[in-house]
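This report concerns only the one structure given below.
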Amino acid sequence: MKSPAVLFFLVMLVGAGQCQPADDIPRLDAAGQATLRLFQALPPSCQVRPAPEGEPGMPLLICGRLLRKESQAPVPHASVLVYHTDIKGDYRQSNPRQPETARISGTVQTDEQGRFLISTILPGKYNSKGEGGHIHLQVEGAKPKGYTFQFSQYSTLSDKQFINGNDQFFLVDLRRDEQGRLVGFLDVPARGM
């Protein structure tokens with residue numbers, strides 16, 4: 001039988017590569033709650049629910065804005081495809097050669113101010129059982145059209161270093177709303193719009 005000190009050391013080694021646990025995610029402040037309500041009031045065409053009703057996983061809301069990279073002006077009425085893995089890290093594409101055919105996917109239109117709301121689940125890491133994977137966006141008319149975001153609380157230091165300065169990858173800080181759902185705010189400065 002291993003001593004408690006050895007077990008503690010083993011647990012610490014396993015945990016060292018992990019990210020901040022979900023229990024440490026702070027609550028939305030009053031300003032964040034007000035912003036979330038504005039996004040929840042967007043027209044249905046500006047909201048997408050990629051995960052089907054009853055999909056296992058932690059509920060996640062992403063309040064997004066699509067901007068022109070060059071001017072930071074909002075991009076109105078743009079089409080954005082959203083897709084990601086399930087909680088097991090599986091895309092389950094209908095066409096294995098096209099990741100955008102993932103089972104959990106949907107398309108949303110931005111409003112006049114470039115805003116859109118994604119209501120889904122926290123994806124699992126690709127080919128892994130861990131939480132906090134990433135979400136892909138394909139912006140029609142952008143060059144390049146592909147953008148990806150993941151979550152600060154579930155990202156390693158090497159993830160953060162890779163994302164820093166890469167204009168196609170973004171980090172989103174998560175908060176919890178009054179119902180315990182994860183909420184993030186994302187600006188996507190797209191090139192060529």
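The values are calculated or read from the model by the stated rules, or taken from the named source; none is laboratory data. Just so we're clear, the structure is a prediction, and the values are computed from it rather than from any experiment. Methodologically, a virtual Cβ is constructed for each residue, glycine included, from the backbone with ideal geometry; neighbour enumeration extends over all protein chains shown.
The table below lists the values:
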{"quantity": "Qualifying residue in region 131-151 (condition: buried (at least 18 other Cβ atoms within 10 Å of the Cβ), small (G, A, S) and closer than 21 Å to P56 by Cβ)", "calculated": "yes"}
{"quantity": "Condition met for K143 (free of Cβ contacts under 8 Å to residues at least 12 places away in the same chain and more than 14 Å from the chain's Cα centre (by Cα))", "calculated": "no"}
{"quantity": "Unique match (being more than 22 Å from I163 (Cβ to Cβ), aromatic (F, W, Y) and surrounded by 18 or more Cβ atoms within 10 Å (Cβ to Cβ)) among F116, F39", "calculated": "F39"}
{"quantity": "Residue count, region 69-91 (criterion: assigned to a strand (DSSP E or B) and either in contact with a Pro (Cβ under 7 Å, 6 or more places away or on another chain) or under 18 Å from L36 (Cβ atoms) (or both))", "calculated": "3"}
{"quantity": "Residue that is more than 16 Å from the chain's Cα centre (by Cα), modelled with pLDDT of 90 or more and either more than 22 Å from Y83 (Cα to Cα) or surrounded by fewer than 19 Cβ atoms within 10 Å (Cβ to Cβ) (or both), where the choices are Q18, Q33", "calculated": "Q33"}
{"quantity": "Top-ranked residue of region 119-130 - restricted to ones that are buried (at least 17 other Cβ atoms within 10 Å of the Cβ) and of a type in the set (S, T, Y), ranked as farthest from D86 (Cα to Cα)", "calculated": "S119"}
{"quantity": "Strands (runs of 3 or more DSSP E) fully within region 132-193 counting 1 or more residues that are over 22 Å from I25 (Cβ atoms) and either touching an Asp or Glu at 6+ places or on another chain (Cβ under 9 Å) or not aliphatic (A, V, I, L, M) (or both)", "calculated": "134-139, 146-151, 182-190"}
{"quantity": "From the options S119, S128, residue that is at pLDDT 95 or above and within 25 Å of G54 (Cα to Cα)", "calculated": "S119"}
{"quantity": "One residue from F116, F169, F151 being in contact with a Ser or Thr (Cβ under 8 Å, 6 or more places away or on another chain) and within 19 Å of G32 (Cβ to Cβ)", "calculated": "F116"}
